[in-house]
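Down below is the structure, laid out as structure tokens.
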Amino acid sequence: MPCHEYLGVFWKAWIRIQDAEESLLPTPTFHFTVDCREPGYHVYHMTLTVAGLPAGKHTLTLPVWTPGAYEVQDFARHVFNMHVEMDEKPLEVYHLGKSQWGFDTYGESQVTVRYQVYADELGVDTSHLDQSHAYFNGAQLFFLVDDYKDQPYDVLIQAPPGWHVSTGLDVVEGNPFHYRARDYDILIDSPAEIGTHRVLTFTVDQKPHHIAIWGHGNEDAEKLTHDVEAIVQAQRDLFGGLPYDHYTFILHLSDRGTGGLEHLNSTTCGTGRFAYRPRKKYRHVLQLISHEFFHLWNVKRIHPEMLGPFDYNREVYTHLLWAMEGFTDYFATLTLRYAELFNTKEYLDNLADNIKAYEKKPGRLVQSLAESSFDTWIKLYKPDADSPNRTISYYLKGDLVGTCLDLEIRRRTNRQYGLDEVLRRLYDRYGAHGIGFPESVYQETVEEVAGSSFEEFFQAYINGTTPVPFETFLGYAGLRLERSYKNPNADDDDTKDKKTTGQPLPWLGVDIGTGDHQTLVVKVSYTSGPAADKLNPGDQLLAINGYQVKTEEDLKDRITLDHAIGDTIEVSYFRRGRLETVSLVLGTAPPDEVKILPEENATEDQKALYEAWLRAPWKPEETAQ
Ligand SMILES: [Zn+2]
């Protein structure tokens, strides 16, 4: 036995002695009451009762962020009327910092903390309370006392008559308003939906799954239940089991999509109320739900060391969000394909749209995936008008690099393994045991699965900004890319072929939006375009060559119909209220459409890789439409 192993044995024995001594001390117990019986004021009345708290100085700390949303939000800004009592007598409370309060106790005691939290922010990572429901995230409501993170936390919910609760927390003694979290992390990880919402239920592997729906729209409950069940089954098959006792999908239907947030055995997804039809919109709903569900493995269990257990008081940094979020996007859509909820055309069209979006962003040549992950706190979550020029999303590029990595592993292993094998090994070795992995383990596991080095791949596409050569990777599966432009001269009754052209179009190099009084306003000025150092975000476009342009369509027509690449035009605009005119030379537009098409002469190897990857027969005619 090497000497460090001797040390390990002694260390463990010493910890056991310490644990035994500590277990002689009384352990405090923690009970929260969440009172949402005055919803019209948007105020949660909170009570925290701590029994058995030892004498001394104590702190109450509220998280500044919530896991999954990498943004410091300073939730304590909504807290007011903080009071602490010891054995029913008021104690002095002192404010220690923006999210921290302190108090002193004398002798072992029962302490009651009362405070109120304003909650009128409808989002998946925020809390909302009104006459229609109560929804909360733990990071906004639950204070941590000292460092008691490993104790169980009880939560009693007091709600208006007729309201019920849906949450990932375990119910206590059959009381549908009494819940218990094993520790503080689970408490923070378990949002709750409370109200008169509908609950759809299905079972997979004898485990109950609930879909709690707040709000109404054009959803089809039966179809939704069927589709969500198919997602659960497809992802269960990928990992070989479901690592929870029950799972809750909280679905918010409102006038806007609010995204999704993942948890260990629940998720909240916010969609537009009318996002369930037509199919074009519904595909995004399926992708959102599939993404958040896949997270129960990827990021909630399979994650780098920094992403759990969490430090809730400050930003936590990792270079791996492309694997946590981008690969989750990749598998979200791939498992929709495996569940037969997406056909191959839908799958490949979605991939082609992502390639188009990636290739339009100059930021892909500036920021690497690793940097994009690390800087998420100050860049992805705090975008500005110039973000497309300086940054790249680890969702978008991470998804695409996941596609390429999967195809590369499949090619090198003669289709024996894919990227899913990397995730399974990380899950078996780390995720299933509740531990995070060192960051270098990701590349090592890819190399172990593929049996060869991926140093070049990681340096180029993950740690570097080399443009991703999609043709090469898609070629392994017998697929090619075609980029085309909308034919500006096409007639309404022209065939589909005539509506597009392979001929590149002239481009002003800006994205336009509508400002006050229907004015045309520059939203983005691309560094890859001719207006990069001439037009700024916020400029109000007025005229081309002295003639007024009134709509975005008008502008596009004037440029594409009356000019060619290389023409010089004069653009007039208001900047901060002053009329300006500038000359610029029209550049080449990025393609309007990117398509993924089958190679005419695909080999048997290419076809076999396609079939193993998409779990569908080689069907050129389906993808050729
Ligand atoms: Zn995500």
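Taking Ser373, is it of a type in the set (Gly, Ala, Ser), within 16 Å of the ligand (Cβ to nearest atom) and in contact with a helix residue (DSSP H, G or I) (Cβ under 8 Å, 6 or more places away or on another chain)? Against the criterion (of a type in the set (Gly, Ala, Ser), within 16 Å of the ligand (Cβ to nearest atom) and in contact with a helix residue (DSSP H, G or I) (Cβ under 8 Å, 6 or more places away or on another chain)), Ser373 qualifies.
Can you tell me which condition Lys300 does not meet? The list is (1) modelled with pLDDT of 95 or more; (2) under 17 Å from the mean Cα position of the chain (by Cα); (3) closer than 19 Å to Glu193 by Cα; (4) not hydrophobic (A, V, I, L, M, F, W, C), and all the others hold. If we test Lys300 against (1) modelled with pLDDT of 95 or more; (2) under 17 Å from the mean Cα position of the chain (by Cα); (3) closer than 19 Å to Glu193 by Cα; (4) not hydrophobic (A, V, I, L, M, F, W, C), just (3) comes out false.
Restricting to strands (runs of 3 or more DSSP E) lying wholly in segment 185-230: which have 1 or more residues that are of a type in the set (Phe, Trp, Tyr)?
Details: elements: 192-195, 198-204, 207-214.
Answer list for segment 185-230: 198-204, 207-214.
Looking only at residues in segment 23-54 that are of a type in the set (Gly, Ala, Ser) and over 16 Å from Val113 (Cα atoms), which one is nearest to the ligand (Cβ to nearest atom)?
Our first condition is that a residue be of a type in the set (Gly, Ala, Ser); within segment 23-54, this holds for 23, 40, 51-52.
Filter once more, so that each one left must be over 16 Å from Val113 (Cα atoms): 23, 40.
Values: Ser23: 39, Gly40: 33 Å.
For segment 23-54, the residue satisfying everything is Gly40.
Sub-6 Å Cβ pairs linking a first residue in segment 256-279 that is without any contact (Cβ under 8 Å) to a residue 24 or more places away in the chain and of a type outside the set (Val, Ile, Thr) to a second residue that is within 16 Å of the ligand (Cβ to nearest atom) and in a loop (DSSP other than H, G, I, E, B), at least 6 apart or interchain, number zero. Could you tell me how many of the residues in segment 595-617 are within 28 Å of the chain's Cα centre (by Cα), among the charged types (D, E, K, R) and surrounded by fewer than 16 Cβ atoms within 10 Å (Cβ to Cβ)? Selection size over segment 595-617: 1.
More than 12 Å from Gly168 (Cβ to Cβ), of a type outside the set (Ser, Thr, Tyr), more than 16 Å from the ligand (Cβ to nearest atom) and not in a loop (DSSP other than H, G, I, E, B): is that true of His252 in this structure? Break it down stepwise before answering.
Values: more than 12 Å from Gly168 (Cβ to Cβ): yes; of a type outside the set (Ser, Thr, Tyr): yes; more than 16 Å from the ligand (Cβ to nearest atom): yes; not in a loop (DSSP other than H, G, I, E, B): yes.
So His252 fits the description; yes.
Okay, residues lined up against (1) within 16 Å of the ligand (Cβ to nearest atom); (2) in contact (Cβ under 8 Å) with a residue 40 or more places away in the chain; (3) of a type in the set (A, V, I, L, M):
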{"position": "Ile378", "(1), (2), (3)": "no, no, yes"}
{"position": "Ala385", "(1), (2), (3)": "no, yes, yes"}
{"position": "Asn389", "(1), (2), (3)": "no, yes, no"}
{"position": "Lys397", "(1), (2), (3)": "yes, yes, no"}
{"position": "Gly402", "(1), (2), (3)": "yes, yes, no"}
{"position": "Asp406", "(1), (2), (3)": "no, yes, no"}
{"position": "Arg412", "(1), (2), (3)": "no, yes, no"}
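May I ask you to verify whether Gly509 is closer than 21 Å to Lys360 by Cβ and touching a residue at least 40 places away in the same chain (Cβ under 8 Å)? Explain how you work it out, then say what you get.
Numbers: closer than 21 Å to Lys360 by Cβ: yes; touching a residue at least 40 places away in the same chain (Cβ under 8 Å): yes.
Criteria met by Gly509.
Candidates in segment 266-284 are the residues that are of a type outside the set (D, E, K, R) and away from the ligand (no atom under 16 Å from the Cβ); of these, the one that is farthest from Tyr135 (Cα to Cα) is Pro278. Highlighted here are the strands (runs of 3 or more DSSP E) found entirely within segment 58-160 that include at least 2 residues which are in contact with a Leu (Cβ under 8 Å, 6 or more places away or on another chain): 79-86, 100-105, 109-118, 133-136, 153-158.
When Leu348 is tested against (1) of a type outside the set (Lys, Arg); (2) more than 14 Å from the ligand (Cβ to nearest atom); (3) surrounded by 21 or more Cβ atoms within 10 Å (Cβ to Cβ); (4) not in a helix (DSSP H, G or I), only condition (4) is not met. If I filter segment 315-329 for residues that are away from the ligand (no atom under 12 Å from the Cβ) and part of a helix (DSSP H, G or I), do I get at least one hit? Among the residues of segment 315-329, not one is away from the ligand (no atom under 12 Å from the Cβ) and part of a helix (DSSP H, G or I), which makes the answer no.
Given the residues Asp511, Asp494, which is the only one that is part of a loop (DSSP other than H, G, I, E, B) and closer than 29 Å to Gly566 by Cβ?
Details: Asp511 fails: part of a loop (DSSP other than H, G, I, E, B).
Just one listed residue meets the conditions, Asp494.
Residues in segment 568-590 that are touching an Asp or Glu at 6+ places or on another chain (Cβ under 8 Å) and under 23 Å from Arg483 (Cβ atoms): Val585, Leu586, Pro590.
Of the residues making up segment 444-481, those that are among the polar types (S, T, N, Q), over 16 Å from Thr413 (Cα atoms) and assigned to a helix (DSSP H, G or I) are Gln459, Thr472. With respect to the conditions (1) in contact with a strand residue (DSSP E or B) (Cβ under 9 Å, 6 or more places away or on another chain); (2) outside the structural domain of Glu38 (by TED's automatic domain parsing); (3) over 23 Å from Val124 (Cβ atoms), His178 falls short on a single one, namely (2). In segment 294-305, the residues that are in a loop (DSSP other than H, G, I, E, B) reach residues that are acidic (Asp, Glu) with C-beta atoms within less than 9 angstrom, at least six apart or across chains, in these pairs: His295/Glu262; His295/Glu325; Leu296/Glu262; Val299/Glu262; Val299/Glu325; Lys300/Asp189; Lys300/Glu262. Evaluate segment 409-428: report whether one residue or more is outside the structural domain of Ile186 (by TED's automatic domain parsing), in a helix (DSSP H, G or I), in contact with a Lys or Arg (Cβ under 7 Å, 6 or more places away or on another chain) and under 18 Å from Phe239 (Cβ atoms). Yes, some residue in segment 409-428 is outside the structural domain of Ile186 (by TED's automatic domain parsing), in a helix (DSSP H, G or I), in contact with a Lys or Arg (Cβ under 7 Å, 6 or more places away or on another chain) and under 18 Å from Phe239 (Cβ atoms). Remark: pairs (first residue in segment 459-473, in the same structural domain as Val446 (by TED's automatic domain parsing) and without any contact (Cβ under 8 Å) to a residue 12 or more places away in the chain; second residue of a type in the set (Gly, Ala, Ser) and surrounded by 13 or more Cβ atoms within 10 Å (Cβ to Cβ); Cβ separation under 7 Å; 6+ apart in sequence or on different chains) = Thr466/Ala460. Applying the criterion of being of a type in the set (Val, Ile, Thr) and part of a loop (DSSP other than H, G, I, E, B) to the residues of segment 545-569, the residue that is surrounded by the fewest Cβ atoms within 10 Å (Cβ to Cβ) is Thr551.
The values are calculated or read from the model by the stated rules, or taken from the named source; none is laboratory data. Everything numeric in this text was worked out from a predicted model, so none of it was measured. All Cβ positions, glycine included, derive from the backbone under ideal geometry; neighbour counts span all protein chains shown.
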